[in-house]
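Note sheet for the following structure.
Derivation of every value follows stated rules applied to the coordinates shown; laboratory data play no part. None of the values given here were measured: they were computed from a predicted structure. Note that each Cβ is placed from the backbone with ideal geometry, even for glycine, and that neighbours are counted across all protein chains shown.
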Amino acid sequence: MSRKKNISVHNKSDKPDNIVTKENEIIEQCLKIESQLPPFMKDFFLYLKNGVALTTRLAYSEDVLFFCKYLVSHTELTDADHTTLIKIETFQQMTAKDINRYLGDFCSRYSIEKEESIKIMENHNRALARKKSSLAVLFKFLYRDGLIKQNISDGLNPIRLPKPQPDAIKRLEIDEVARMIDCVDLGEAFTEKEKTYWQKTKLRDKAILMLFLTYGLRLSELEQLNISSFNFNRGEFKIYRKRGKETAMPINRTCETVIKEYMANERPQSSALDEEHKDALFLSLQRKRMTTRAIRNMVKKYTALVLDTTAKNGYSPHKLRATAATSLIQQGFSIYDVQNLLDHDDVTTTQLYAAHKKDVKRQIVKNFEWLD
């Protein structure tokens with residue numbers, strides 16, 4: 001059994017090594033998937049490499065591989081016994097009806113059989129829409145490159161997605177945020193056994209929650225933060241957003257205070273850490289950079305306390321992003337300023353939060369009385 005080789009980073013970009021390493025892991029996943037797909041798709045992979053975000057490239061590649069496995073195992077469209085052996089002729093003979101059947105009949109509900117179990121997979125419309133989008137991009141590319149004679153993506157059935165409703169936005173109310181911060185500060189909601197762990201992580205957890213609540217950071221943006229990301233003399237810190245955009249964020253007094261308290265009183269000294277984690281801001285008790293999964297579970301734990309539910313049903317970091325957006329708008333900041341802070345591609349996304357005002361229906365009815 002071969003040993004896994006250590007990976008070192010020779011980094012000449014402005015990105016921190018941890019981000020470059022993370023991106024390399026995604027690239028390796030993409031290459032592994034691409035090696036399982038037919039050779040005629042090589043130029044399509046090149047298009048994905050240069051034309052879309054890295055995570056989108058991975059998602060599209062996974063969807064195309066899933067489709068090719070379906071062709072081999074569940075159809076008579078190809079006589080190939082492996083996805084790499086599928087010929088372009090299979091795609092040339094395919095019609096929109098074949099794709100619609102795949103999306104409507106197979107993808108909506110299928111099973112994964114293992115040695116001792118069978119797992120039933122149910123896909124809702126949002127997941128189906130992504131699979132449809134991945135195949136539409138593939139067929140458009142093959143048509144553009146002259147590998148197939150018609151663009152069958154035009155004949156794909158529409159997949160209806162529910163229009164986002166402001167009332168359906170899940171977020172914490174102002175008083176719930178206050179109670180959550182009290183939970184972190186006091187630990188009164190925990191059992192004696194849980195308090196042992198809380199005592200060791202309360203400053204870290206408070207700093208994480210305040211960053212989420214103040215800036216509406218994405219989970220990946222927070223996980224990537226380093227000590228070197230912060231320049232307290234300038235009053236700012238650096239984050240890397242979707243598609244590798246580097247952004248300097250001003251730091252307010254609250255966040256500066258909680259981060260400095262964590263670094264001074266709880267975070268292990270960098271000299272006591274492995275080289276890989278010396279610069280990581282938020283560390284686990286194992287003295288390693290916190291994973292996105294660990295951060296998500298921590299947020300769910302604290303939000304569950306104020307929502308009076310189980311940790312499994314607590315709010316995710318994305319709900320804290322919604323909390324930050326709605327709170328900022330209710331404080332009077334313009335939707336365009338909030339759009340810029342949260343890095344929304346489309347202002348209509350921000351407008352959803354602007355429409356979500358507490359007790360707005362009650363206020364309307366209260367001020368519209370027919371009788372004195």
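Structure summary
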quantity	calculated
Charge-dipole axis of segment 17-162 as Lys and Arg at +1 and Asp and Glu at -1 on Cβ define it, positive-most pick from 120, 104, 33	104
In degrees, nearest ten, helix 192-215 long axis to first principal axis of the chain (Cα)	80 degrees
With Cα atoms, 0 to 90° folded angle of helix 125-144 axis to the chain main axis	50 degrees
5 angstrom amide H check on residue 249, placed H, neighbours 5+ away	237, 238, 239
Sorted peptide list for 220-230, 265-275, 97-107, criterion being average Cβ within 10 angstrom, highest first	220-230, 97-107, 265-275
Segment 167-358: projected area of the alpha-carbon convex hull, averaged over directions, in nm²	11.4 nm²
Rough spin-label spacing in nm, given labels placed 7 Å along Cα→Cβ, for residue 196 and residue 43	6.3 nm
Helix 17-34 axis, angle to the chain major axis (alpha carbon atoms, nearest 10°)	20 degrees
Where N is the number of residues in segment 115-254, Cα Rg divided by 2.2 N^0.38 Å	1.62
Extended-chain gain in nm, criterion 0.36 nm per residue less alpha-carbon gap, residue 345 and residue 286	17.5 nm
For residue 126, net neighbour charge (Lys/Arg +1, Asp/Glu -1) across residues whose Cβ lies under 11 Å away	+4
For segment 1-151, the spread of Cα positions along each principal axis, largest first, Å	48, 45, 33
Protection proxy ranking, peptides 51-58, 294-301, average beta carbon neighbours within 10 Å, highest first	294-301, 51-58
Farthest positive-ward along the chain dipole, Cα basis, beta-carbon charges - from 330, 159, 282	282
Cβ-derived FRET efficiency at R0 22 Å, residue 52 paired with residue 151, nearest 0.05	0.70
Angstrom value of the Kirkwood radius, inverse mean 1/r, which spans all Cα pairs in the chain	24.2 Å
Gain on full stretching of the segment that runs from residue 136 to residue 274 - 0.36 nm per residue minus C-alpha separation	45.1 nm
Under-5 Å amide H pairs with residue 172, H placed in peptide plane, nonlocal only	323
Neighbour net charge for residue 151 - beta-carbon separation under 15 angstrom, K R +1, D E -1	+2
Potential lengthening between residue 129 and residue 115 on full extension [0.36 nm per residue; Cα-Cα distance subtracted]	2.0 nm
Cα gyration tensor, segment 242-324 - rounded (a/c under 1.5), prolate or oblate	prolate
